[in-house]
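The values are calculated or read from the model by the stated rules, or taken from the named source; none is laboratory data. It should be emphasised that the depicted structure is a prediction, and the values quoted were computed from it without experimental measurement. Note that we place each Cβ from the backbone using ideal geometry, even for glycine, and neighbour counts take in every protein chain shown. Accessible surface areas use protein heavy atoms only, side chains included; no ligands, DNA or RNA. Shrake-Rupley method; radii C 1.70, N 1.55, O 1.52, S 1.80 Å.
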Amino acid sequence: MSQCWGCCRWCIAFLFTVGLTALFLWLSFRPSKPSLSIEKFYVPALNQTASGNFTVPPKNATIAFSIRLKNRNKDKGVRYGDLNVTLLYLSSNQTEIAAGNLTVSGFYQGFGKKKLIVESVQANGTQIWKPIFEQVSNAGRAKFKVIVATRVRYKILAWKTKHKRLKLAGDVQVDEQGQKASARLTFPAPAAALLSIVLNLLIWGW
């Protein structure tokens, strides 16, 4: 009886070890999505020192920005297709108004590498500037959203994954001088990363 129980315990331990090893291998080979950060964001029309009083449409309708894409994988490369970048203005009631869009040519990003994209758009629609000026006049801030949509392939050793859709976004607030006041990502951490943290806590303890 004791031999049977010992054999059962060995089988259970073996299956648990194999399952845990398979899970960690899956997590290690499963690529992490790139991260997006908004480095700079400038709306010259809001800088009254430089542009004078608010006028609709403004003399300078340019929105200049720079965003950084980081490959968080330490052993996987990322091949981006063309990146569609969209800028939206978020009104006080959270209505999204198109501010402009552009396309950035695709590129390859090596392990742990960063890529700074510096661009600008012309927000020529008159429907966007009146609520922006009103919000800045009342609250001293205006909120925008930056969305990056593309298709990516991950390079793992000599193997390449299939194309996958990728959408990253971030919110940014600008002050009454048109400069970035704050920025944050709008998407939570990937579920795989959270699962990895939980497993490590369970295995190694707090």
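So for segment 181-195 (the condition being modelled with pLDDT of 90 or more, surrounded by 14 or more Cβ atoms within 10 Å (Cβ to Cβ) and either of a type in the set (Phe, Trp, Tyr) or under 20 Å from Val85 (Cα atoms) (or both)), does at least one residue qualify?
Within segment 181-195, none of the residues are modelled with pLDDT of 90 or more, surrounded by 14 or more Cβ atoms within 10 Å (Cβ to Cβ) and either of a type in the set (Phe, Trp, Tyr) or under 20 Å from Val85 (Cα atoms) (or both).
Working only within segment 158-177, note down all residues that are touching a residue at least 60 places away in the same chain (Cβ under 8 Å) and open to solvent by 80 Å² or more (accessible area, probe 1.4 Å).
Lys160, His163, Glu176
Can you find, within segment 139-153, the residue that is nearest to Val118 (Cα to Cα) among those that are part of a strand (DSSP E or B) and open to solvent by 10 Å² or more (accessible area, probe 1.4 Å)?
Ile147
Which of the residues that make up segment 117-133 are among the small types (Gly, Ala, Ser) and assigned to a loop (DSSP other than H, G, I, E, B)?
Ala123, Gly125
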